[in-house]
Amino acid sequence: MSSLNDSNDIYTPNYESSSGIAGNLRPFSSPYLNFDPGYIPQTQPEFIFLDGASKQRGRFELAFGQIGGSCMLGATLGGASGFYNGLKATTLAGQTGKLRRTQLLNHVMKKGSATANTFGSVAVIYSAFGVFLSWTRGTDDDLNTVVAATATGLLYKSTAGLRRCGLGGAIGFGVSTLYALWNNRDKLADLRQFNPA
Amino acid sequence: MEEYTREPCPWRIVDDCGGAFTMGLIGGGVFQSIKGFRNAPSGYNRRLMGSLTAIKQRSPIIAGNFAVWGGMFSTIDCALIHIRKKEDPWNSIISGAATGGILAARNGLPAMAGSAFIGGVLLALIEGVGILFTRLSAEQFQPQLPPMEDPSQLGEQQPPGGYQFQ
């Protein structure tokens, strides 16, 4: 994305533009419009930012969307898995007809809601850590993501014994590190291109 | 919290689902912690453990119920916006009643009617309070007229030069 003032700033009208309005002074289209509309740049997007506002959406703003998304994702995955398990279980038990349908519904609802609750709870804890970290540190970067994910894993499994707690933290750390690496892949590619000679 | 505004429509469903889940998780956590503390065997340590267990077991379920409510509500809200081509408090009230009715569909028709009524009244109350707050806070944004001079005392003042109409 080109910033506003790298090649052509907003004060120099680009005469070569194909819009045809800029440059040669056309008769204005409306008697109430007392300026040449060609002075308004039309080729580049215009962003409106409040003074002092950050140019990116904050973590709090994204939090509810993330929580809801992971909740719905959990419901979908859990529902699919419950449907599969229910098909297997009812086939094994030899249930048919109405009974099988009800059993399938039960499987889907039970597994789906359980998975949705798990995913949603993890997302809430992660968002809480993330918002807290970005609020205390004043910046929003990948370190926040990694620390918040590790803390989430530790906290979520904190009552299941020391070993599983560490395992949860390790999973959180690994997933968030992978995400951070993927997020910064072009920077990493730049780093590899560096030639000291 | 200043940065938070509502999303445009299809994403609003996800957003409201997440908000309702968070609300349910935090509210359910507080509620279940008190309940688990009271229902546990005596001894301070055991009461804390009971509280923790109750939070772990029950509050995600409450949060899930809240999330289903929020998602269903928002879905119907968006559908109503699309159908009626306008956004007003009636959308919320209708979708609250419909959500209450649909989610009680397995419990028979009387339960559906009761839940729909409760949902509608609840959303009407919320919308009413919202409108009331908007009215109250709009008071201070009303444009104030500049103080006018008394036209009867304008005689000795010079008229501002420049523009004279004949």
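Remarks
- Sorted peptide list for A:175-181, B:42-48, criterion being average Cβ within 10 angstrom, highest first: A:175-181, B:42-48
- Kirkwood radius for the range B:26-109, taken over all pairs of different Cα atoms as the inverse mean of 1/r, rounds to 15.1 Å.
- Kirkwood Rh in Å, taken over all unlike Cα pairs in the range A:65-154: 14.8 Å
- Total formal charge among the other residues, if their Cβ is under 9 angstrom from that of A:Gly65, Lys/Arg +1 and Asp/Glu -1: -3
- Nearest 10 degrees, 0 to 90: helix B:89-103 Cα axis against chain B principal axis: 10 degrees
- Protection proxy ranking of A:63-72, A:91-100, by the mean of other Cβ atoms within 10 Å over each peptide's residues and highest first, is A:63-72, A:91-100.
- If you run the Gaussian network model on chain B, springs between alpha carbon atoms under 10 Å, then out of B:Ser92, B:Ser51, B:Ser152 the most flexible one is B:Ser152.
- Shielding value for A:121-129 is 3, the average number of Cβ atoms from other chains within 10 Å of each residue's Cβ.
- Pairwise Cα inverse-distance average, inverted: Kirkwood Rh of chain B (Å): 20.5 Å
- Taking θ as phi - 60° and the Karplus parameters 6.51, -1.76 and 1.60, the scalar couplings of the range B:60-67 work out to x, 5, 4, 4, x, 4, 4, 5 Hz in sequence order, x denoting glycine and proline.
- Averaged over A:71-78, number of beta-carbon atoms from partner chains that fall within 10 Å: 3
- Within the accessible area of the range B:26-99 (1.4 Å probe), percent carbon and sulfur: 66 percent
- Summed residue charge, Cβ within 12 Å of A:Gly82's Cβ, Lys/Arg positive, Asp/Glu negative: +3
- For the chain pair A and B, the buried solvent-accessible surface (1.4 Å probe, both sides summed) amounts to about 1600 Å².
The values are calculated or read from the model by the stated rules, or taken from the named source; none is laboratory data. The model shown is predicted, which means the values in this text are computed figures rather than measured ones. Every residue, glycine among them, receives a Cβ derived from its backbone with ideal geometry; neighbour counts consider all protein chains shown. In case anyone asks, the SASA skips ligands and DNA or RNA and just uses the protein heavy atoms, side chains included. Shrake-Rupley method; radii C 1.70, N 1.55, O 1.52, S 1.80 Å.
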